[in-house]
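Novice: My questions will all concern the structure given below.
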Amino acid sequence: MVRTRKNDFSQGGIAQNILSLAIPLTVAQLTVVLYNVVDRAFIGHIDAVGRDAFTGIGLVMPITYIINAFANLCGTGGAPLCSIARGQGDGKRAARIMGVSFTFLVLLGAGLTVLFYLFHEPFLYLVGGSPETVVHAKSYLLIYLAGTIPVMIGLGMNPFINAQGFGRTGMMTTLLGAVINLALDPLFIFVLGMGVRGAALATVIAQTCSAVWVLAFLTGGKAILRLDRESLGLDWPILRRVCGLGLTGFTFSVTNSVVQALGNAQLQTYGALTGGNGNLYVAAMTAITSVREIVFQPIRGLTQGAQPVIGYNYGAGQYSRVRECIRFLTAACLSYNVVIWLLLLAFPHMFILLFNDDPGLLEVGVRTMRVYYAAYVMMSFQMIGQNTFVALGRAKSAVCFSLLRKVALVTPLMLLLPRLWGPYGVFAAEPVSDVIGGLACYVTMMCTVWRDMKRPDEPLAAK
């Protein structure tokens, strides 16, 4: 069902339009991170077993990335197509895109739940687990998997709320879950003595509440595009386009999973070969990537908040406004990332202490964090270019550069550099890929999209 009222992104200031979505979306993204990061912070401070339990949660991270990947396949694939259809004035098609995405999302969630319940233990050892850490990972994961479908609904359908211009409602989706998670974590972990199982249960309850919120809005009277029986089901031509465009977000999360798993395995191997403790380096990587999840979200919020604005104006033929979006994103993302980059290099110990105060972890974590974040500022260019391609429906370009950074650069570097620098080589793979991947993506975007958007605007009246 489609309502007649709509949010028109071809009117008003570009910065205002983007920020109206990006600010609440950034808050929403940060609260999504709290589902996992708050768990890790509490788990890392459990008496006696905190460091091993924290390392065990690091083994679960590749699985959470895979679940997020399939949510992104539907959400980041369907929502930009919704925005383009709305800009073209085809509300019925926009609603159908949303319904098809939801149907596929639920089917994927059911399949992933069964798959990981069957094969979780060999997977945990494959990604760098040891007997001391896998026991904690299993305790967490077997409960966490019960929330697979709810977390996929919350992550995968929330972009359709933002695509309709309801940024604050989208923010509340994850803010609600994060507040519940934050309240339940200390109760379950420490007061009731449930340990890592309590952290998992708190997360499942929080994710379920977020999913209920999303569905209540999308099936309610305030939504412009409503999720109803008429829009549900599988439509293969639509599904192909959703999956094609969603491959960018999917690839981003899957390659994060592969890199995290490979990194953990390499750190176990080279940590032991150099006379160190492999679990200690895995714990450092878990802390560093947890910090990255937090500081990365404002960039993600800005670029994803711009997608509906870029897509709508492209669909409406307002090409000069698309160029304005790119200029604004470049200035805003670089300004933020420069500040964060300097803070990470100057005060790494403060970030490590969020998760554990073990002296060995603190020493290794400070050294490795400065290596890992040496060129973090360059990630701005990757995100601007990649999300612009997604917003315009240019799936092949977006997927190409996602694969370039993680598969063609990070993966082989993680295999090669440890031979030269031991476990620190695993961390050094990231800054090299940030520089090469970021510049390649942004320069290509400017040479293609920017050039194409120099055509004259189409009259709005013709739309």
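The values are calculated or read from the model by the stated rules, or taken from the named source; none is laboratory data. Bear in mind the structure is a predicted one, so any value in this text is a computation, not a measurement. Don't worry about glycine lacking a Cβ; one is built from the backbone with ideal geometry, like all the others, and counts go over all protein chains shown. We work out accessible area using only protein heavy atoms, side chains counted, and drop any ligands, DNA or RNA first. Shrake-Rupley method; radii C 1.70, N 1.55, O 1.52, S 1.80 Å.
Novice: Send over a whole-number figure in Å² for the accessible area per residue of the chain, probe 1.4 Å. List each step's numbers first, then the result.
Specialist: Working: 16880 Å² over 463 residues.
I get 36 Å² per residue for this part.
Novice: Along its principal axes, what span do the Cα atoms of the stretch 279-387 show, with the longest given first and each in whole Å?
Specialist: Extents along the principal axes: 58, 21, 17 Å.
Novice: Rounded to the nearest percent, how much of the accessible area of the chain (1.4 Å probe, protein heavy atoms only) is carbon and sulfur?
Specialist: Values: 11410 of 16880 Å².
Whole-percent figure for carbon plus sulfur exposure: 68.
Novice: Under 15 Å from the Cβ of L25, count the other residues' Cβ atoms, weight Lys and Arg +1, Asp and Glu -1, and hand me the total. Could you put the intermediate results ahead of the total?
Specialist: Values: positive: R168, R300; negative: none.
Net charge in that neighbourhood comes out at +2.
Novice: Would you mind listing how long the stretch 109-201 runs along its three principal axes, going by Cα atoms, in whole Å with the largest first?
Specialist: 48, 34, 20
Novice: With a cap of 13 neighbouring Cβ atoms within 10 Å, and only residues DSSP puts in a loop, list the chymotrypsin sites (Phe, Trp or Tyr not before Pro) found in the stretch 250-334. Provide the component values of the computation, followed by the final result.
Specialist: Values: sites: F250, F252, Y270, Y281, F296, Y312, Y314, Y319, F328; in loops: none.
Counting only loop positions with at most 13 other Cβ atoms within 10 Å, none of the chymotrypsin sites (Phe, Trp or Tyr not before Pro) in the stretch 250-334 qualifies.
Novice: Sticking with this one: From Cα pairs below 8 angstrom and at least 6 apart in sequence, can you work out the relative contact order of the stretch 346-463, rounded to a whole percent? Display every interim value, and only then the final one.
Specialist: Working: 108 pairs, mean separation 36.1, N = 118.
So the answer I get is 31 percent.
Novice: Viscosity 0.890 mPa s, temperature 25 °C: what is the translational diffusion coefficient of the stretch 38-88 from Stokes-Einstein with a Kirkwood Rh over Cα pairs, rounded to a whole number of µm²/s?
Specialist: Values: Rh = 13.4 Å.
Rounded, D is 183 µm²/s.
Novice: Further question: What is the gain in length, in nm to one decimal, between V179 and I294 on full extension, counting 0.36 nm per residue of separation less the C-alpha to C-alpha distance? Please list the in-between numbers first.
Specialist: On the way: separation 115, 0.36 × 115 = 41.40 nm, distance 1.61 nm.
So the extension gain works out to 39.8 nm.
Novice: Using just the C-alpha positions of the stretch 173-253 as equal point scatterers, what log10 of I(q)/I(0) does the Debye formula give at each q in 0.12, 0.17 1/Å?
Specialist: Summing over Cα pairs of the stretch 173-253 leads to -0.58, -0.87.
Novice: Can you tell me, using C-alpha contacts under 8 Å and at least 6 residues apart, the relative contact order of the chain as a whole percent?
Specialist: Value for the chain: 24 percent.
Novice: Another question, then. Take the alpha-carbon centre of the stretch 130-154, take the same for the stretch 233-291, and report the distance between them in whole Å.
Specialist: So the two Cα centres are separated by 16 Å.
Novice: For the stretch 313-463, state what percent of all Cα-Cα pairs lands in each successive 10 Å bin, counting from 0 Å until the bin that includes the largest distance.
Specialist: Whole-percent P(r) values from 0 Å outward: 11, 31, 29, 17, 9, 3, 0.
Novice: Between E363 and A331, what is the label-point separation in nm under the 7 Å Cα-to-beta-carbon projection?
Specialist: Taking the two extended label points, one gets 4.8 nm.
Novice: Kindly state, to the nearest 0.05, the FRET efficiency for Y117 paired with K454, given R0 = 60 Å and r defined as their beta-carbon distance.
Specialist: Details: r = 53 Å, r/R0 = 0.88.
Given R0 = 60 Å and the Cβ-Cβ separation, E is 0.70.
Novice: Sticking with this one: Suppose the chain between Q11 and L416 were pulled fully straight at 0.36 nm per residue; how much longer would it get relative to their current alpha carbon spacing?
Specialist: Details: separation 405, 0.36 × 405 = 145.80 nm, distance 5.11 nm.
Working it through step by step, the gained length comes to 140.7 nm.
Novice: Also, I was wondering about something else. Using only DSSP helix segments of four residues or longer, with each worth -39500 (n - 2.57), what per-residue ellipticity at 222 nm results for the chain after dividing by its residue count and rounding to 500? All intermediate terms of the calculation are to be shown ahead of the outcome.
Specialist: Working: 16 runs with 356 residues, N = 463.
So the helix-based figure for the chain works out to -27000 deg cm²/dmol.
Novice: Answer rounded, prolate or oblate for the stretch 199-335, using the Cα gyration tensor with square roots of eigenvalues a ≥ b ≥ c: rounded when a/c is under 1.5, else prolate when a/b is larger than b/c, else oblate.
Specialist: Numbers: a/c = 2.23, a/b = 1.57, b/c = 1.43.
Because a/c hits 1.5 or more and a/b exceeds b/c, the stretch 199-335 counts as prolate.
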